[in-house]
Amino acid sequence: MKKFDKERLLLAVAGPALALVAAILLTSVVLVASGKSPIEPYRLMIEQAGFSDVQVLIINQASMYYIAALAVALGFRMNLFNIGVDGQYRLGAMMTAVVGAHVALPAALQVPLLLLVGALTGAMWAGIAGVLKVTRGVSEVVATIMLNSIATSVIGYLTLTDNWGVPLGDNVTTGVMKESGWVPGIDLGSDVGEIYGLVFLAVAMGVGYWFVLNRTRFGFDLRATGESETAAAASGVNAKRMVLTAMLISGAVAGISGLPLLLGDVHTYSLSFPAGLGFTAIGIALLGRNNPGGIALAALLWAFLDKASPALDYAVPEPYEKEIATIMQGLIVFAVVISYEVVRTWGLRRQQKRVGEELAAAAAQNTKKEVAV
């Protein structure tokens, strides 16, 4: 491996590694300050990862985190902050559940239809922010935050019993979806659970994300526009069109992120459907540095912290608060921003030093030539 490639790999790994180490150290300080062991919670959570049923839960949760984080990363690569992934995800899942409950087609048609509904709903909702940005210059951060709140109200209205809501005890659902829209997974037995079938869709989307960004003209234009809109425009790229396209694609991916759970397990949208996935995805995309492989590892880490932390409540002889995992997740997001800036500054200094050494070597070589003449 060339020296330059090794340095790039080192810089890519150093940021997340520093963030994780800092988060663990800071969480340990919190534990010590509260009079608890700074090591035992980690041991208990790692022990949970050895159980097959917990592993299935981690994989399933990570698939949803991964798709949502890809949606965030697409915006980041365009220098856009799509903070509205949560609203796009929930609205996409709700509309998919409604269509799935009222439309009955053969499975070969029903599942693609439901995926398309989720994608189009998310794209439509993100597209509103995209249109506002390219036509009126409205910040996508402000627009998508407001759209998150509006999405909550729209979902609340559409799930009223006068519309598509179906009461179920103290809950309100959209009704059970037709079985032709259920996506079977890998059943590992009643004691272990089932891996969602759409886990494989998440893997395919990660491969597609890498290929489009690194091996297509569209991906180059998208990255170039994110780096500098003026430079991209000088090379013939329509920056406004790329901004709108990136928001639409990001929203479409976000609209699919809830479907592994919807089509693989619950088969209905209800008040208990998970919220906050889009905000979690921001931290995962940051930790993974918008790289599909890095995002996958970050998604697995986040899912591990989510699914292994409940065991802390039952620790013997003294229980630990499961919120320790939440504290650690927050500290990772906090530390990742600082660590990336530290690594960026360090990398810039190394680059400046290398350039200085090369210039000095070239000057010395020229001096030798002059002396020889």
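Is it true that some residue in the range 118-130 is closer than 20 Å to THR173 by Cα and open to solvent by 10 Å² or more (accessible area, probe 1.4 Å)?
yes
Restricting to the range 287-317, count the residues that are over 19 Å from ALA204 (Cβ atoms) and polar (S, T, N, Q).
So the answer is 1.
Which of the helices (runs of 4 or more DSSP H) contained wholly in the range 1-84 include at least 1 residues that are β-branched (Val, Ile, Thr), open to solvent by less than 50 Å² (accessible area, probe 1.4 Å) and at pLDDT 95 or above?
Once the helices (runs of 4 or more DSSP H) in the range 1-84 are filtered for at least 1 residues that are β-branched (Val, Ile, Thr), open to solvent by less than 50 Å² (accessible area, probe 1.4 Å) and at pLDDT 95 or above, what remains is 52-77.
Would you please name the residue that is modelled with the lowest pLDDT, looking only at residues in the range 142-173 that are open to solvent by 50 Å² or more (accessible area, probe 1.4 Å) and among the hydrophobic types (A, V, I, L, M, F, W, C)?
LEU168
Given the structure, is TYR340 at pLDDT below 90 and hydroxyl-bearing (Ser, Thr, Tyr)?
Yes; evaluated as a whole, the condition is true for this residue.
When the residues of the range 174-225 are narrowed to those that are hydroxyl-bearing (Ser, Thr, Tyr) and under 17 Å from LEU261 (Cβ atoms), which ends up most open to solvent (accessible area, probe 1.4 Å)?
Going through the qualifying residues, I end up with TYR196.
Quick one: which residue in PHE279, PHE273 is farther than 23 Å from SER339 by Cβ and either among the polar types (S, T, N, Q) or touching a residue at least 60 places away in the same chain (Cβ under 8 Å) (or both)?
Answer to the selection: PHE273.
Residue-by-condition table, conditions (1) of a type in the set (D, E, K, R); (2) touching a strand residue (DSSP E or B) at 6+ places or on another chain (Cβ under 9 Å); (3) surrounded by fewer than 21 Cβ atoms within 10 Å (Cβ to Cβ); (4) modelled with pLDDT of 95 or more:
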site	(1), (2), (3), (4)
LEU263	no, no, no, yes
GLY276	no, no, yes, no
LEU287	no, no, no, no
ASN290	no, no, yes, no
GLY293	no, no, yes, no
ALA299	no, no, no, yes
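Which residue pairs have Cβ atoms under 7 Å apart, sit 6 or more places apart or on different chains, and have a first residue in the range 331-352 that is more than 19 Å from LEU25 (Cα to Cα) and a second that is hydrophobic (A, V, I, L, M, F, W, C)?
GLY347/LEU11
The values are calculated or read from the model by the stated rules, or taken from the named source; none is laboratory data. Everything numeric in this text was worked out from a predicted model, so none of it was measured. No Cβ is skipped: glycine too gets one built from the backbone with ideal geometry, and neighbour counts run over all protein chains shown. Heavy atoms of the whole protein, side chains included, go into the accessibility calculation; ligands, DNA and RNA do not. Shrake-Rupley method; radii C 1.70, N 1.55, O 1.52, S 1.80 Å.
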